[in-house]
Amino acid sequence: MVSDKVPAMTAGQDDHEDGDPGLARARTSLAWTRTALSFAAVGGVVLKKDVIVGLIILAAVPVIWQVGRLAQDHPSRLKLVTATIVAISLVALAVAVTH
């Protein structure tokens, strides 16, 4: 017989990071990888229209991926990661505004 009652969830049951703090690092690594892949895709599309701008975007891909690895391996380098994110975002904004 199936019960009609739904078990009440407590606040701790749904928070997976408390049970395995390594999941946050894995999600961060995946996010950096997705960001690098997104830049590669955009760079490939832009490369068809404007070779120089496309190459600049594609050159940023390994930098983005490596910065993500730095953040994961050495949490103390957060300022470097933040400065790199801001710089890449400003370059992307400049490319978007000028083209």
Taking first residues from region 79-95 that are without any contact (Cβ under 8 Å) to a residue 24 or more places away in the chain and second residues anywhere that are in a helix (DSSP H, G or I) and not polar (S, T, N, Q), the pairs with Cβ under 6 Å that are 6 or more apart or on different chains are 81/67; 81/71; 84/67
Give me the residue from region 57-71 that is farther than 15 Å from residue 83 by Cα and buried (at least 16 other Cβ atoms within 10 Å of the Cβ) and, out of that set, modelled with the lowest pLDDT.
57
Would you tally the residues in region 72-90 being exposed (fewer than 14 other Cβ atoms within 10 Å of the Cβ) and modelled with pLDDT of 75 or more?
8
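The values are calculated or read from the model by the stated rules, or taken from the named source; none is laboratory data. Everything numeric here is computed off the predicted structure, so don't read it as measured data. Backbone-built Cβ (ideal geometry, glycine too); neighbour counts: all protein chains shown.
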